[in-house]
Amino acid sequence: MNPLLPRANHQFNPFEPHPELDGVDIPDLRDVDWVGNSDPFGIFASRGMAAPKMPPPSEVRREASNRSTNIFTHHKKLLSILERHEATIQKRWEKKTRTQRLSILLQAWPDMPPTHRPDFAAFRKHGGNLNSVAIKHRSSFIWPIINQEDLGDPKTLTLLLNSRGRNPPHVFAASDGEGMHLGKVTTAIVAIFLNQYVMMLNGVTRQEDYGKLVAWEEHEDAFDWMHTRKQFLPGEGLLILEFQERLLEFLVDCCRAILHDIPLDQMTSDKFAIQPEPPLKESLDATGFSTLSIMAKEAPYRPPARLDLEKIESLLSARTVRAEDHIWSLREDPSYFAETILEMKEHLLDIRPTTKSQRDDTQWARAIESVLIESFFQLESFAELRDQATHLRELSSKYGPELSPQKDLPEEYLAALLRFRHYLNQVTKGALSQLNLSVAASPPLRAFFVQHALGSTKSSPIKVLPNSAMKRDKVTQHLIWLLQTLWEDGHDLFLCRMTTVIDELDRLLKAEPKALELVSPYIAMLIGELSIAGECLRQLEIFQPWANGFEGALVDRGEGIKKEFKEHTRVWTLVHDTLKGQNSVAVRQLGDPSGGKFQYPVGKRHNKANVEALRRSEANLDAFWNAVDDMLYQKAGSLNGTAYKRVLSQPRYLQRTPEWVEPAAKKEEKPNQTHQQSNGSYEYVPPSSWIFQGAGSASSGRAEALASAASKVKVKRRGILESESTSENDIVPPPPGSLPDLQPTFRVDARALKVFRIVFFDPAANTSAGEVAWRDFLHAMSSTGFTAQKLYGSVWHFQPTRLDVERSIQFHEPHPRGKIPFLVARRHGRRLSRAYGWYGTMFVLKDNN
């Protein structure tokens, strides 16, 4: 295992150089000059391998023609069978036991590998010695979708039959070539070499032209077709033809076995009428919801998807909202702030100053620094990606009707895609960097690592190595290998691709409870970050055939994109430098949660002691953010143009606890004394960042202004704005929820109502604090018009379908228990209130009559 070598005081910054690939010997075949004067076979000789075969053009044409004929023959048979019997095939296949299904599969493909992604399994097992077993595993690398684990379930084969039978072969050419990525980059598959020719597959509908070999000199566009990857190198084209020929033959054999009672000569005869195409059922997990992992698993068995920019925009918009809510929660909720700081502290690599006191002070300072930097960069990164996705969707609508596999993308559209791809890669590197710094320190996994300081100073590197005293079982070893492949961001990740590794990681966490126990909630959150970026990258990968040409297009545009990125993120880097080092130490004492400074008994009955504790914690939190905002303004400026500034400039308010009023005194109030709230209500004050609108000032001056504003704005829980102000300049706009109720009333069942009474907990009402089962929360959200989809890690994506808003929202599934703690449930309620204006009294029990 390679050591981790982060600097002891290093924190999250996705915009630093990433030298981890320097000096790594990656057999990247893209670097080989296949068409120039250099030796195109040097890489094979350097690895002790024979050079690729170099057949003459006549032999390549003959093989391509034969395979093309067989492909169209098999496809015609398959389509004829499906037109008459697809519904019968689906019903029979679903009713069969797994043993019966495997028997049919193995008759048609006797050496079918047993596991999902057999190419990845072979790579993990043999690693650097893959060449020695390449012949044995060649089938796994060419047809990774052909395996017993996937095809043995009730639905996958029927998906594959439908997609391959109902669509012509050329539709799959680019995706079939991409499916062999791991085999090609590891040289487990070695294609033949034929220079100065291109093979025609994309967009080719006629059998006599499918797989046609065209010399560069025969057509003026032939070289461009190959260079821009709109068509294929001859060796790659032959592999695609081999793939499709064997696959279609296999599918025809499966149909015949399933329809064993129908004579072969009658199966496609007029005896059976052509039927309408039957619908395919939606795939759901055990909880009845769609998941990203199911979609990823089924994608190779469906027709190649088009670039789904609406999905990308929805994912990024919801993630941006979650980043905004995270910042608001850090400022509003003392318990959330304290828990976040403590969680970060537990995921920092250790450093050992002279005394324990110095060590603790430094660790708290590093934790606070990390939380501040991470929250800022998450918001800026995902807001930028969301805005770019929105622009891409607009360009797609503009140019979509003109797109053709035979044509280049419009320059404006291509430039925007390449820019989006670069930003995605940078955000991914940031998440991988944070994973690098956190896995070995996370409480469930830290026992499997040992740390050694390579010097006596705080800036000395820390070397993290495996703990030889701790034995790793098979599950633990597999988990750490997958996480390490991600965090190293090097050789193995290049070969496997991040999307493949995340898919495998998700499968392991679902299949093995032991693996799930070893992943802390924070690490699960980082995996979720990577899954969102990874899904966006996956969407770009399937944008074929143009995606194959992205690397070539970057040759002339790459430096310009990097320069623009550096300039665009200049303010981000300034904020990063402001929040780290001695600056964070300066605010550490205010943000240090030790000693009960942010103890927040919000779930307890309101009495004088509890109310004073709530107000004390809220005041401590406000003082911390006053200091942070002053520091940012003085050292980084107004932050104009940043998402952070836009969020904190919104007319939102922090919910704060009013002073305690004795019940006897409350009863003596006259009816028109509306300035004082009931003990179960809240007052609202603007966040400290309002000062960004003008010149900086001292924290104490800001606290006085906040106190003054708070005394002039009192808001009842049920939504009527009250103010004692007599000056127009003193009036502060009301917080969300303080205006008359314009929201619908949701009539829900008792199960959902119980959830919402906890989520929108009101200490003055007859509700009680308690946990919420995650499945109950899913049920409650579904009952109000949301569809839920499980992403990776612990992230769930909620998309409104029956509401008058399009804004999505994301929540983390509680981990490792399936219960949402009360304080977390209450935070979910605040997020729903900020996003949709919801409050507790909107939900009533529906009449079952």
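Every number in this text was worked out from the coordinates using simple rules, so none of it is lab data. A quick note: this is a predicted structure, and the numbers were derived from the prediction, not measured. Methodologically, a virtual Cβ is constructed for each residue, glycine included, from the backbone with ideal geometry; neighbour enumeration extends over all protein chains shown.
With a Förster radius of 51 Å, plug the Cβ-Cβ distance of LEU845 and GLU412 into 1/(1 + (r/R0)^6) and report the FRET value to the nearest 0.05. Can you show the working numbers first?
Values: r = 54 Å, r/R0 = 1.06.
Here the calculated transfer efficiency is 0.40.
Rg then Dmax, both in Å and based on the Cα atoms of the range 156-245: 13.7, 44.
Expressed as a whole percent, how much of the Cα-Cα distance distribution for the range 59-260 exceeds 21 Å? All intermediate terms of the calculation are to be shown ahead of the outcome.
Numbers: 11260 of 20301 pairs.
When every Cα pair of the range 59-260 is considered, 55 percent fall beyond 21 Å.
So in the range 746-845, what percent of DSSP beta bridges are antiparallel if you round to the nearest 5? Walk me through the intermediate numbers first.
Values: 11 of 14 bridges.
Counting only bridges with both partners in the range 746-845, antiparallel ones make up about 80 percent.
Taken along the Cα-to-beta-carbon direction at a fixed 7 Å, the label points for LYS53 and ASP749 span 6.2 nm.
For GLN599 and GLU559, what does the FRET efficiency come to when R0 = 56 Å and r is the distance between their Cβ atoms, rounded to the nearest 0.05?
Working: r = 53 Å, r/R0 = 0.95.
E(calc), rounded to 0.05, equals 0.60.
Take the convex hull of the alpha carbons in the range 420-539; its mean projected area over all directions comes to 8.4 nm².
Could you give the length gained by full extension between ASP221 and ASP577, i.e. 0.36 nm per residue of separation minus their alpha carbon distance, to one decimal place? Show your work: numbers first, answer last.
Values: separation 356, 0.36 × 356 = 128.16 nm, distance 5.05 nm.
My answer for the length gained is 123.1 nm.
Less than 5 angstrom separates the built amide H of LEU654 from those of VAL685, all sequence-distant by 5 or more or on a different chain.
How would you rank SER649, SER833, SER404, SER370, going from fewest to most other Cβ atoms within 10 Å of each one's own Cβ? Working shown, then result.
Values: SER649 15, SER833 18, SER404 10, SER370 25.
The fewest-first ordering by Cβ neighbours comes to SER404, SER649, SER833, SER370.
When each of the peptides 172-179, 794-801, 545-552, 510-517 is scored by the mean number of other C-beta atoms lying within 10 Å of its residues, the order from highest to lowest reads 172-179, 794-801, 545-552, 510-517. Only Cα sites of the range 306-578 enter the Debye sum here, all with the same form factor; the resulting log10 I(q)/I(0) across q = 0.07, 0.09, 0.10, 0.16 1/Å is -0.30, -0.49, -0.61, -1.36, listed in q order.
Extent along the principal axes, Cα only, for the range 746-845: 37, 34, 23 Å, with the longest axis given first. Two decimals is fine: what is log10 I(q)/I(0) at q = 0.18 Å⁻¹ for the range 226-347, from a Debye sum with one equal scatterer on every Cα and no solvent? Here the Debye-derived log intensity ratios amount to -1.23.
The stretch between SER468 and LYS96 holds 129.1 nm of extra length on full extension. This uses 0.36 nm per residue minus the Cα-Cα distance. With θ taken as phi - 60° and the Karplus curve 6.51 cos²θ - 1.76 cosθ + 1.60 applied, the whole-hertz 3J(HN,Hα) list for the range 51-63 is 5, x, 5, 10, x, x, x, 4, 5, 5, 4, 5, 5 Hz, x standing for glycine and proline.
Residue separation times 0.36 nm, minus the C-alpha to C-alpha distance between GLN207 and ASP308: what's the value?
Numbers: separation 101, 0.36 × 101 = 36.36 nm, distance 3.05 nm.
Full extension of this stretch gives 33.3 nm more.
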